[in-house]
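One structure below.
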Amino acid sequence: MSAEERREAILEAARGEFASTGYHGTSTETIAERAGISQPYLFRLFGTKKELFLASVRRCFRETLETFQRAAEGKRGEEALHAMGDAYLGLLTDRSRLMAQMQAYASCDDPEIRAVVREGYGDLVTWTERVSGLAPAELSHFFAKGMLLNVVASMDLLNSDEAWARRLIDGCRADT
C-alpha cells in the first residue's frame with residue numbers, strides 16, 4: 001500500500017470510530033487496530049488525535065462537495081439543485097458517513113474543530129449558491145432541508161413505515 005492509500009485507510013477507520021463514539025469517546029488505539037496499524041504509526045502520520053479528527057472532518061466535507069460537483073456537472077440553476085439534492089439522499093444511506101458528520105457538528109464547542117466545520121460547510125454553501133444561482137432564502141431552504149434529512153437519517157427513518165417520518169421524507173423529496 002502506498003503512503004496515501006494507507007492514510008486513506010486510516011481515515012476510513014477513523015470515520016467509523018468517530019461516527020460511533022464521537023471525538024471525545026474514541027480512542028486512537030481502537031482506530032489503529034481497526035486500520036491494522038500500530039498506534040505510534042498513526043501518530044507519526046497525524047500527530048494528534050485532534051489532527052486525525054480534523055482530517056476526517058475535512059475528508060467528509062470534501063467528499064460531500066465532490067458528490068455535489070459530480071451530480072451538477074453540466075447543469076445550472078434548478079436542474080443542478082435537484083441533482084445535488086438527489087445525490088445527497090444517496091449519501092444519507094451511509095450511516096457511518098452521516099453519523100461522522102453529525103459528530104463533527106456536535107464537537108463544535110472546540111474552536112479548532114468549529115473552524116474546520118465552518119470552512120467545510122461554507123465551501124458547500126458557496127459552491128451551491130454559485131452553481132444554482134439561488135437567492136439567500138432559497139439557499140437557506142435547501143440547506144435546512146438537508147439538515148432535516150440528516151436528523152431523519154440519523155434516527156434511521158429513511159426506510160421507516162412510521163407515517164410521520166414518511167410525510168417528512170416525502171415533503172423533502174417533493175421538490176428535489
Where the centre of each part is set by its Cα atoms, how far does the range 144-159 sit from the range 43-103, in angstrom?
15 Å
Can you list the GluC sites (Glu not before Pro) in the range 18-79 that are in a DSSP coil and have 14 or fewer other beta carbons within 10 angstrom?
73
Percent of Cα-Cα pairs more than 15 Å apart in the range 1-72, please.
52 percent
Please report, as a whole percent, how much of the solvent-accessible surface of the range 10-123 comes from carbon and sulfur atoms (probe radius 1.4 Å).
50 percent
Let me check against my output: what whole-number percent is the relative contact order of the range 1-104, with C-alpha pairs under 8 Å and at least 6 apart?
35 percent
For residue 50, go through the aspartates and glutamates and keep the ones whose alpha-carbon is under 16 Å away, minus same-chain ones fewer than eight residues off.
12, 17, 29, 109, 110, 112
Accessible area in square angstrom per residue, the range 84-125, 1.4 angstrom probe
45 Å²
Which value, in Å², gives the accessible area per residue of the range 130-171 when a 1.4 Å probe is used on the protein heavy atoms?
57 Å²
At 1.4 Å probe size, with every protein chain present, just tell me what the per residue accessible area of the range 7-63 comes to in Å².
44 Å²
Take the alpha-carbon positions of the chain, form their convex hull, and give its projected area averaged over all directions (one quarter of the hull surface) in nm².
11.2 nm²
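The values are calculated or read from the model by the stated rules, or taken from the named source; none is laboratory data. If you're wondering where the values come from, they're calculated on a predicted model, not measured in any experiment. Don't worry about glycine lacking a Cβ; one is built from the backbone with ideal geometry, like all the others, and counts go over all protein chains shown. Side chains are part of the model used for accessible areas, which takes the heavy atoms of the whole protein and leaves out ligands, DNA and RNA. Shrake-Rupley method; radii C 1.70, N 1.55, O 1.52, S 1.80 Å.
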